[in-house]
1. Mind checking which helices in the chain clear 20 Å along their axis (Cα) and have mean Kyte-Doolittle hydropathy of 0.5 or more, DSSP H runs only?
2. Going through the cross-link list 106/194; 126/166; 88/254; 47/109; 47/245; 106/166, which pairs have a Cα-Cα distance over 30 Å in this structure?
3. Exactly which chymotrypsin sites (Phe, Trp or Tyr not before Pro) in the range 216-255 are in a DSSP loop and have at most 11 other Cβ atoms within 10 Å?
4. What order do you get for 171-177, 37-43 when each peptide is scored by the mean count of other beta carbon atoms within 10 Å, highest first?
5. Determine the distance separating the Cα centre of the range 57-89 from the Cα centre of the range 151-217; give it in Å without decimals.
6. Over the Cα atoms of the range 55-136, what is the Rg over Rh ratio if Rh follows Kirkwood?
7. Quick check on the range 92-186: what does the Kirkwood estimate of hydrodynamic radius come out to from the alpha carbon pairs, in Å?
8. In terms of the ratio Rg/(2.2 N^0.38 Å) built on C-alpha atoms, what value belongs to the range 42-101?
Amino acid sequence: MKKLFKFILNIVPRPLLIRLSYWVRPVLALILKGKTYTDPIDGKSFKMFLPYGYGTQRSNALSPSTLSLERHRLLWLYLKNETDFFTKNLKVLHFAPEQAFLKRFKQLKNLNYTTTDLLSPIADVKADICNLPFEDNAFDVILCNHVLEHIPDDTKAMQELLRVMKPGGWGIFQIPQDLNRGVTFEDNSITDKKERAKIFGQYDHVRVYGRDYFDKLRDIGFKVEPVDYTSRFSNQDIETYCLAKGEIIPVVYKN
């Protein structure tokens, strides 16, 4: 199964994968129904989650019901338990909206919710993150998760995120991060897709972020709080929810 999923991820374009997943998801959820693992986003349980990964496949990574990955489930738990995201009136901008969240966030009466992406077929506004069509100081909350590693000029993208965030606003900018690496690694000379997937974790990533990611956000003008949220859960909860132990949530604020 791992080889099949890896083949599909690396061959089928992501916009098509998004469309196909709407048909496949209900079937997978029915087949894999069980009691071993639980998706906290919808509360449904399964005998296993699906493998996922463009390079190395991770076992029990993809929820059959919401199609959430480890980072999505961790983010959901953080938003639910540690913020007023689900209760306060907020103007929210969400980049590259994930299927696990899109319908649920749209249904929240307290949110003025806008999604944007350059390619995603499910985003409201088609836009380049380096040249956003929004006014200054427009949004209370910005969610930009696993986007910046795709952007060649991530400095310009971060500047745009700061520009459109309201003073006193906050955001979560998750990225795939190697915490053992002090300095972010980039090499534009590597063009082979298989080699890029091997080195960068995915064929369309342009860098591997190190610990200096937080400093770069600070240099742009954000206040940054790196949160190790899995440290607040028991090992049993981490296993049940299929979280990635030690994954950092980068919470940012605009002063």
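None of the figures in this text is laboratory data; all of them are computed from the coordinates on show. Quick caveat: nothing in here was measured; it's all calculated off a predicted structure. No Cβ is skipped: glycine too gets one built from the backbone with ideal geometry, and neighbour counts run over all protein chains shown.
1. Membrane-span-like by this rule: 14-31.
2. 106/194; 47/109, as the Cα separations exceed 30 Å there.
3. none
4. The packing order, highest mean first, is 171-177, 37-43.
5. Centre-to-centre distance over Cα atoms comes out at 21 Å.
6. In the range 55-136, Rg relative to Rh is 1.00.
7. 14.0
8. 1.30
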